[in-house]
Structures are given as structure tokens and as C-alpha cells.
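Undergrad: Could you have a look at this structure, given as C-alpha cells, before my questions?
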Amino acid sequence: MYTLTDVNKIYQKGRRTVPALRDVNLAIADGEWLAVQGRTGHGKTTLLQMLGGLDQPTSGTVEFDGQNFSRLREGQLTDVRANAIGFIFQTFNLVPTLSAADNVEAALIPLGSRLGGRRSRVASALDSVGLGDRARHVPAELSGGQQQRVAIARALVKEPKVLLADEPTGNLDEGTRDEIIDLLETLWRERGLTVVLVTHDSTVARRAQRVAVMSKGRLSIQPGSPRPATTS
Amino acid sequence: MFFLTYVRRELWRRRRQAIVIALGLALGIGLVITATAAAAGVRNAQGNVLKGLYGVGTDITVTKKPPAASPAAGTRVQLGNGGARVCSNGACHTGAQKIDNLRSPAYGPIGESSVASVRGLHGVTGASGGLALTDNQITIPGTLGPSTRMPSPKSITVDGTDISHPELGPLSNGTISSGRGFSSSDANSDVALVDANYAAANSLRAGSKITLAKTSFTVTGIVSQPQSSNPPNVYIPLARAQALGKSNQDKSLQGQVNTIYVATASAADVGTVQHELSGLLPSATVTTSSSLASQVTGSLANTAKLANDLGRWLSVLVLVAAFAVASLLTVAAVSRRVREFGTLKALGWRSRRIVLQVMGEAIVMGVVGGAVGVGLGYLGAALIRKISPTLDATLTQPTGQHFEGMGPNGPSSSSPTVSHTVPVHMLPQISLPVLALAVGLAVAGGLIAGMFGSWQVSRLHPAAALARVE
């Protein structure tokens, strides 16, 4: 699914250059669950943005299903994101004014599907995360765990190939964290998704098939990987 | 559907800001409508005044500047310690006397045959000649003391009316409120019609006598003119005015007129006919209602200036301020939503879809502001209608009299003028084009505000937007 070859990302901060990714080489197979661990500021989120086509490497290539992201125009990249990639964020990033159903529907807008079809897909997605009865609630009326479930429903409603999760449990308590990870694992199994999950939490990382560690922009695969994902 | 839901909920979330933007635009739009309505009201009032000057249906008037008066011409009254000395046409008399002459102080004579030539012009549907005259009556006492002030002349404005063409000229505007109008048999008779206001002020009625140029006229009827018009005091048959009147050079006005009233086939013909008239009568002054407007003074002119200048600039200032505030607040709102837009980009929303969303919100605020502004505009117009005092328009003409005297401060002289002040009611008017302009401005305000916000959105880099801490 993904092939990253000699990927470097350097940010310019005034006169200083800050390398966020250094010579990252990585292959992610279809249906794989990869966890990326590492300390804050070591390039995990930057790597995820490269995988999501939200940012371009300074050098090297990111290939997704044989397409080199660097060679795609902004519109084509947007189409890839709209069709094939789902995002989950640490802070949920729900639109505060929209209801849970509207937030989920927002992911279907770029696909141009019909209103009736959108509504049924939204209802089904919310049911799959156990929030069928909270469709009309706005984010402020939902708990953190429920908001993240809405975000998961939003990511999965378009049936993407890949789910990119950036610290999805970072803002949740332990109990809710486990619920969310259980849900992600269930969905991963049922849908045959490819999941790349960035976390600093070893408990969460251990649920993945393979764990990679980012340190000062360099990526290394932990010994013992790959292994089948297991429920806790 | 989703678009509208998103717009509605977003505007509801920042409703205070939305209200400020909409109210700002509303204020600007309301001022534009009010100022435009007031200006339209003034224009209409001015139009009514001008229409009243020459009568309904008159599109163009032709006059001539009076020739320079010779020093011996006119009536000169010299006051001194020995009494009054009145000189007229070079002949001087002393002692008590009554002066009464009918003159054309404002306009020069035009041959009556020119009226027929004007009728023959292309685009002209009717023309009639008239004599706009002033009858000046002064009573000079026989003896004068050192502190005697110059006597004030009594001036009566007189219109020599072409009875055969009643559809044009000042009389066409009026209705006979008592007595009878002119008939063809009156052409050479000493009969007069008197304006209702003048008749009331001087206790005249049908059957009364009035003296003009030392000739007694019988009042046959009283004429009521619209309130905003500026009618002459007295109408007499043209032939009698020609026989009794004198130019400012003391020449007879037999076979002369001093005003030609012209009706054109349509408003579009006015320019062409004006051009033709300038060719036919090169030394004449051809006046249309628009050129006549510049001669009007008084509070009407002041209000017109106020409505046009202050109203316009105040509206522009408020609109610019409203647009600026709307733009700044929209930019600020977009800045606060950077992460939200970054998320939408991550979900696969194209920039133009997000721009459309931002523009939609701004335009809705503009439309709401426009709707409220239209209401405010109507309110403003109603307020002006309710509180505006009656305006007046003044036209000043010379009387042709000259006074010279020796007072305690040395020699002094004056040439009295006669002023006609017409009361005018200003009724602000809101037209459909003005409403369309207002809605257009409101939408433009929304678009301008939205464009600033959209420009920001289009420059958003999704990764940077998502990294933004809020």
C-alpha cells in the first residue's frame, strides 16, 4: 500500500533548519496495522502527514497504491484524501457547530453522493460506533470518548483504504482509551483496513501488528514485529 | 442542504459578530436609501417648482437676455433735501407723483413671428409666446425731510397670456376657482385673471378692478395654482400686455414676446429641439427644466445640496466603514477556524468548497443586513416625511427701478429686485432601482468581506492548519 523511500522533511525556522524526518524508508502492506511510537517532537505527526498527503517531503518519495504523492497536483491529492484516506485526530477536530450526523456527513460532501444515500451511510456509520442515538447532538453535548467515536465514524463513513490516527487516545482516560482501541481493532478486522496509528502510549502501540519507533526523525521497526494483532 | 445547515449553524454560533456585521451593513444601506429617497424627494419638489414656473406640458422655454439699459432709460428717482425728482425717458418731474409702469426687466424682446417658426421645428408639438412683465407702482411724496427713507415699490408680476394657446404657459397649470377664464373675445379687452393667493392678500374677487400701467382692468376670474408653483400675480391678454408694456429700454413691446413656451413630442426630443432652437434664435437663451434648476435658490436648493452632498458622502463613509468592519470580522472569524478548515481539507474538501462556505456565510450576513437596511431606509424616509419642515424656493428678478438719494452717510443708490418664494413639500421617494441598488450593495459588502476571508482560506496549507493550536 505505502512505500516510503529516503524520505526527508526539513522545516525552516528562521535561519535554522529543523529536520523532522531523516531518511525514512518504510513499506506498509494492505490490511496492516502499524503503530508508530516516539516522544513528542520526534516526527511522528510529520510522518502521518506525509502518509495522508497533507504535506510533501523535502526529498524522497511517498508512494500510495503506486502513485507518487509528489507528482500529484493538489486537486488529485485532495481526491485521494477524499476517497481513500480517513483521519482521526487527538483533539477529535469535530466542527463544533455541526451535529454528530452532520460531522460524519461532512466526509461524504467531497464525494458528491446524493442526500438520501449520504443519510443512510451516516446512520450506519454512527451505529457502527455505538452512537446511533446521539446523531443530533453537537460535540459539546458529547463526552470525549463519544466525540472520538464520532470522529472514527467520520473517518470510516466513506469506506477508506487507510485509517491514519494521530494520538487517537491522547485526550482520553484509560477506560475510554481501551474502548476506543477495541473499537478500532474491531473495525480494522471487520473491514480489512490498513491502520497507521501514532501514539506515545505503549499499551496502545502493543495492540498493533507492527511497531515502529521515531526518534529524532529516524524510523526504526521494533524487533519482534511483525506479529498478529491481539485483543487485550 | 448541508451547505445551508453549515452556514446557519456557523452564523448562529457567532451570532453576536454576525449581528454586528449585518447591522453595520444595514446602517450603511439604510443611509444610502434614506439619502437617495431624500434626494429624489428634493428633485421631485424642484421639478414641481420648475413645472409651476412655466406650466404643465412646457418642456423648453426660450428667452433673451435684456439689452443693456441706457442711462436715460427706466425710471430714476432722485431723493434729496428739496424733494423727489423723477426722471423717465429723459423727462424729469418734481413734486408728488405716482409712478406705474409695466416693464420687462428680466428678459429682452423676441419678435412674435419667431413663435410660428418655433412651431415649425421638428419634434415640437406646440409653442406659444407670452410676456412676463412686472408692474411697478411707487408713490412719491411731494416733500421729503432729511430722514425720509426711499419709498418701496409695489411690484405685481404680470403674465401676458396668449389666449389662443391656453395649453402652454403659466396659466395652463391653474384652475379657475371663481369667475371665468379668458375667452377669445377677451383678446383686446382690459380683463385680468388674478392668482388666488394674490387675490386673498389684496381682497380681490371676480368683478374687482385692478390697475396696471395706469390702466384699469376688470378681474374676471380667480386662478388657483398648485402650492409648489410660482405663478404670476395677474394674467392679462397678450395683446394688452404688448400694448401697455415696455422693454427695459423703454421701447414698446408691440409685436413682441419675451418668453416662448415650447412642448416637445417626447422627453428624448428635448436635446434635439434645444439644439434647433439655438440655431433658429442664436441670441436667445434656451432653458430646459434641468438648466432652470440651477437658478433656484432658497432652502430647497440648500436641501438639495445637503441631500446630494452630505447624504451621499455620509452614506459612502458608513458603507466603507461597514465593509471594512465586515471584512475584518470575517477575517478574524476565518483565523479562528483555521484548524476546522484544515480538518475539512484533510477530509478531502477542496479549497473552493471551503471558500464557497465562507462566502455563503458572508453573503447571508450581507443579505440580512440589506433587508434590515431596506427597513431602516423606509424608516428614515418616513421620519424625513414626518419631521421635515416646508421648504421654499426663491427666484429673484430685477424690477428695473433705480433709486438715488443723499442721506446722512453720503450718496446712496439701489436697484430693487422682486423675489418669488414658493413653499415646497418634500416627500422622500424610494424607487425600485434604489432598492435594487441597496440589495446589490449589501451583497457586495458580503462578497467583499467573504473575499478577504476566502483569500485566507485559499492560502491555508492543510498540515500547517491542523498544527494550529486553538
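What follows is calculated from the coordinates using simple rules that are stated; it is not laboratory data. Keep in mind it's a predicted model, so treat the numbers as computed, not measured. When we count neighbours, we look across all protein chains shown, and the Cβ atoms used for this are built from the backbone with ideal geometry, even at glycine.
Undergrad: Counting only residues 5 or more places away or on other chains, whose amide H sits under 5 Å from the amide H of residue B:245 once H atoms are built in the peptide plane?
TA: HN-HN under 5 Å from residue B:245: B:253.
Undergrad: What does the charge dipole of the stretch A:2-221 about its Cα centre add up to, to the nearest 20 debye, if the Cβ of each Lys and Arg holds +1 and the Cβ of each Asp and Glu holds -1?
TA: 660 debye
Undergrad: Moving to a separate point now. From the residues B:164, B:213, B:202, which one has its Cα farthest along the dipole of the stretch B:155-223 in the positive direction, the dipole being from +1 and -1 charges on Cβ of Lys/Arg and Asp/Glu about the Cα centre?
TA: B:202
Undergrad: Using a Cα-Cα cut-off of under 16 Å, which lysines could be cross-linked to residue B:64, ignoring same-chain neighbours fewer than 8 residues away?
TA: Within the straight-line cut-off, residue B:64 pairs with B:246, B:251.
Undergrad: Once you charge only the Cβ atoms, +1 for Lys and Arg and -1 for Asp and Glu, what is the size of the charge dipole of the stretch B:322-363 about its Cα centre, to the nearest 20 debye? Numbers along the way, then the final one.
TA: Working: 7 positive and 2 negative charges, 43 e Å.
The calculated dipole for the stretch B:322-363 is roughly 200 debye.
Undergrad: Quick check on my link table: of A:44/A:161; A:158/A:216; A:9/A:161; B:65/B:154; A:13/A:158, which ones sit more than 28 Å apart, alpha carbon to alpha carbon?
TA: Flagged as over cut-off: A:158/A:216; A:13/A:158.
Undergrad: For the stretch A:2-221, would you read off the P(r) tail past 27 Å as a percentage of all alpha carbon pairs? Walk me through the numbers on the way to the answer.
TA: On the way: 7691 of 24090 pairs.
Cα-Cα pairs of the stretch A:2-221 separated by over 27 Å account for 32 percent.
Undergrad: Along the charge dipole of the stretch A:1-155, which of A:21, A:37, A:97 sits closest to the positive end, that is, farthest toward it, with unit charges on the beta carbon of Lys, Arg, Asp and Glu (+1, +1, -1, -1)?
TA: A:97
Undergrad: Which whole-Hz ³J(HN,Hα) couplings does the stretch A:123-130 yield from phi under the Karplus relation 6.51 cos²θ - 1.76 cosθ + 1.60, θ = phi - 60°, glycine and proline marked x?
TA: 4, 5, 5, 5, 4, 5, 9, x
Undergrad: By its C-alpha gyration tensor, with a ≥ b ≥ c as the square roots of the eigenvalues, how is the stretch B:209-271 shaped: rounded for a/c under 1.5, else prolate for a/b larger than b/c, else oblate?
TA: Oblate shape, in that a/c is at least 1.5 and b/c is the bigger or equal ratio.
Undergrad: Also: Taking amide H positions as placed in the peptide plane 1.01 Å from N, state which residues far from residue B:64 in sequence (5 or more) or on other chains have amide H under 5 Å from it.
TA: B:108, B:285
Undergrad: Here is a follow-up. So what's the net charge close to residue B:273: Lys and Arg +1, Asp and Glu -1, counting the other residues with Cβ under 15 Å from its Cβ? Show your work: numbers first, answer last.
TA: Working: positive: B:119; negative: B:59, B:269, B:276.
Neighbour charge sum, excluding residue B:273 itself: -2.
Undergrad: For all pairs of alpha-carbon atoms in the stretch B:66-282, what percent lies in each bin of width 10 Å, listed from the first bin to the last filled one?
TA: Over the stretch B:66-282, the share of Cα pairs per 10 Å bin runs 8, 29, 31, 21, 8, 2, 0 percent.
Undergrad: Here is a follow-up. Can you give the FRET efficiency to the nearest 0.05 for residue B:382 and residue B:197, using r as the Cβ-Cβ distance and R₀ = 41 Å? Working shown, then result.
TA: Numbers: r = 30 Å, r/R0 = 0.74.
Taking R0 as 41 Å, the efficiency between residue B:382 and residue B:197 is 0.85.
Undergrad: Quick one: Karplus J couplings for the stretch B:98-109, per residue in order, coefficients 6.51, -1.76, 1.60, θ = phi - 60°, nearest Hz, x for Gly and Pro?
TA: So the J values, rounded to whole Hz, are 10, 9, 8, 10, 10, 10, 10, x, 8, 10, x, x.
Undergrad: Taking the Cα centre of the stretch B:66-282 as the origin and placing charges on Cβ (Lys, Arg +1; Asp, Glu -1), which of B:97, B:255, B:277 is farthest toward the positive end of the dipole?
TA: Projecting each Cα onto the dipole axis, the largest value belongs to B:97.
Undergrad: Here's another thing I want to ask about it. Taking 8 Å as the Cα distance limit and 6 or more residues as the minimum spacing, I'd like the relative contact order of the stretch B:66-282 as a percentage. Walk me through the intermediate numbers first.
TA: On the way: 473 pairs, mean separation 59.7, N = 217.
Relative contact order of the stretch B:66-282: 28 percent.
Undergrad: Can you list the residues, at least 5 places off or on another chain, whose amide H is less than 5 Å from the amide H of residue A:20, using H built in the peptide plane?
TA: Residues meeting the amide H criterion: A:9, A:10, A:11.
Undergrad: What list of ³J(HN,Hα) couplings, whole Hz, do you get for the stretch A:154-169 from phi and the Karplus terms 6.51, -1.76, 1.60, once you set θ to phi - 60° and write x for glycine and proline?
TA: 5, 5, 9, 4, 8, 6, x, 7, 10, 10, 9, 10, 9, 6, x, 10
Undergrad: Here is a further query. Please report the relative contact order for the stretch A:2-221, taking Cα pairs under 8 Å with a sequence separation of at least 6, and give it as a percent rounded to a whole number. Intermediate values should be presented prior to the final figure.
TA: On the way: 412 pairs, mean separation 68.6, N = 220.
The normalised contact order for the stretch A:2-221 reaches 31 percent.
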